[in-house]
Amino acid sequence: MSFSLHIFQQALQVLRREVVHRVTELARQLAAALFRQHLLQLVMLKPTGGGKLSKRDGDKMGFPVFPLQWTSPEGETSHGYREDGYFPEAFVNMLALLGWNPGTDQEIFSMDELIGAFSLERVSKSGARFNPEKARWFNAQYLHAKSDAELAGILMPVLKEKGIEAGKDRAEKAVALIKERATFPQELWNLSQIAINAIIRLSLTFQPCFCVII
């Protein structure tokens, strides 16, 4: 092989590598431009007393700081909002109004309503204060809005576990009496004991009686 041919082949390999590199880089830049994601960091959450919201605040004030139960590498387990009985839709609704406001007095939003109303212009630049009582209020509103049948479906397995055989009809009647006083689903059991006993007493009181007139 002549020296000039060898030089030509080497130059061709370098050129090929450069072309591949340029084409690959161009494709990467085009993909980045076409599928670019815009990330937005919302404001920091603060406890009602000031400072940064931390796990310590949750332990002290009795509210979870994790969406789900979480176990640290050291084996410490922290309960989450799901385990505490918060409905997912209530949790999302509550979070959406921390650091953002719709510009109206409306507080209860469905997911579709939140998507339709959200705008970056109404995102606050200052830290949002997290109020545990307000979080409980949101959960109570969603619980009260649920149908008696839906809440009876939550209550009936608990009743069965406690050895109480109650039909769907009776569970729905009990739920209708107690749901306005409940904040979390797990409270239905304690409240239902009074209601179910009252219903049983009423059903016994108004049993049909047959009188014989002499």
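When each of Asp169, Asp148 is scored by the number of other beta-carbon atoms lying within 10 Å, the sequence from fewest to most is Asp169, Asp148. Taking amide hydrogens as placed 1.01 Å from N in the peptide plane, the amide H of Trp100 sits under 5 Å from those of Ser124, each at least 5 positions away in sequence or on another chain. Computed extension length for Thr77-Lys162: 27.9 nm, one decimal, from 0.36 nm per residue of separation with the Cα-Cα distance subtracted. Between Thr183 and Glu25, the modelled labels are 6.0 nm apart [label points 7 Å from Cα along Cα→Cβ]. Listed values for the stretch 80-85 are Karplus-derived 3J(HN,Hα) couplings in whole Hz (6.51 cos²θ - 1.76 cosθ + 1.60, θ = phi - 60°), namely x, 5, 5, 5, 7, x, and x replaces Gly and Pro. Going from the fewest other Cβ atoms within 10 Å to the most, the residues Tyr86, Tyr142, Tyr81 appear in the order Tyr142, Tyr81, Tyr86.
Readers should treat all values here as calculations from the given coordinates under stated rules, not as data from a laboratory. In this text, all values refer to a predicted model and were calculated from it rather than measured experimentally. With ideal geometry, Cβ positions are generated from the backbone for all residues, glycine too; neighbour counts draw on all protein chains shown.
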